[in-house]
Amino acid sequence: MNIWLGIAVGVVTAQLATLATTVYFHRGLTHRALTVHPAAAFPLRVFLWISTGMRAREWVAVHRKHHAASDTPADPHSPIVLGFWRVQLANAALYRRVARDGETVDKYARDLPPDRFDRWFFDRAFLGLGVGIAIACLVFGWKTGLVVSVVHAVTYLMISGAINAVGHTYGSRPHDNLATNGRVLALLTLGEGLHNNHHNAPTSARFSERFGEIDFGWWTVRLLVAVRLVKIRQFSRDTVNA
Ligand SMILES: [Zn+2]
Ligand SMILES: [Zn+2]
């Protein structure tokens, strides 16, 4: 077993899953700031399935509800309402509870009905996660593969929790909303940490506005635009190209 290799690959995989989440689930499907070509969308669906097990329409619905009811009792994961540590550590459980309440998906993700690939594969979270763990074990040997899987899962869950917990608690608030900008958090979350900017302009594909705000998600979007796999529908024009 090579524990350092396992840790490194686990962290990199979590970063890639965070990148796929911010570009495809968040900026693409949820806010329609960009459209992703099917040649890129399908591999992204497969990758998010085996690395997170999340259903796109559930993620989209919970996040749209978060924007519709930010930091009120109806917000699925407000640290102001539920407490910082509950959101930081139990973010996935909070998502799941709201996603399966029988109302949220019907109300907020009507534009994303399940297709045959969802029914056959992508709705089966444990099958996807099992495939992901099996691939890691085949590539790196079962012990290192399990280290990869555990490090990936913990890192991804902590990053997602931090976007919702830290991103509504610590940092600056240049715009008039309760979300915050954190430059270190932005580095760890591929731009998602510029959360105050995002709440101010949710349909912008770019979260960075000022010099020094690093949005790797936006850089990735620009790269995908250059190879014609993504089309931008909207982004803030009145900003510095950070
Ligand atoms: Zn938020
Ligand atoms: Zn959003």
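Taken together, the values in this text are just the output of simple stated rules run on the coordinates, not laboratory data. None of these values were measured; they are calculated from a predicted model. All Cβ positions, glycine included, derive from the backbone under ideal geometry; neighbour counts span all protein chains shown.
Within the span defined as the stretch 93-102, one or more residues are away from ligand 1 (no atom under 16 Å from the Cβ), surrounded by fewer than 16 Cβ atoms within 10 Å (Cβ to Cβ), farther than 15 Å from G161 by Cβ and over 20 Å from the mean Cα position of the chain (by Cα).
Here is a check on your reading of the model: is T22 over 27 Å from K143 (Cα atoms), buried (at least 23 other Cβ atoms within 10 Å of the Cβ), of a type in the set (V, I, T) and within 16 Å of ligand 1 (Cβ to nearest atom)? Criteria met by T22.
Which residues, taken from the stretch 45-91, are outside any helix (DSSP H, G or I) and hydroxyl-bearing (S, T, Y)?
Keep residues of the stretch 45-91 that are outside any helix (DSSP H, G or I), which gives 53-55, 69-78, 83.
S70, T72, S78 - these are the residues of the stretch 45-91 that are outside any helix (DSSP H, G or I) and hydroxyl-bearing (S, T, Y).
Screening L187 on (1) touching a Phe, Trp or Tyr at 6+ places or on another chain (Cβ under 9 Å); (2) without any contact (Cβ under 8 Å) to a residue 60 or more places away in the chain; (3) surrounded by 15 or more Cβ atoms within 10 Å (Cβ to Cβ); (4) farther than 13 Å from R27 by Cα shows it passes everything except condition (3). Restricting attention to the stretch 127-173, the residues being touching a residue at least 12 places away in the same chain (Cβ under 8 Å), β-branched (V, I, T) and over 24 Å from P76 (Cα atoms) number 8.
Within the stretch 205-224, if we keep just the residues that are surrounded by fewer than 23 Cβ atoms within 10 Å (Cβ to Cβ) and touching a residue at least 40 places away in the same chain (Cβ under 8 Å), the residue that is nearest to T180 (Cα to Cα) turns out to be F216. Looking only at residues of the stretch 57-86 that are among the acidic types (D, E) and under 17 Å from Y108 (Cα atoms), we find that the one that is farthest from ligand 1 (Cβ to nearest atom) is E58. Applying the criterion of at least 1 residues that are closer than 17 Å to L34 by Cα and within 12 Å of ligand 1 (Cβ to nearest atom) to the helices (runs of 4 or more DSSP H) found wholly in the stretch 147-242 leaves 195-200.
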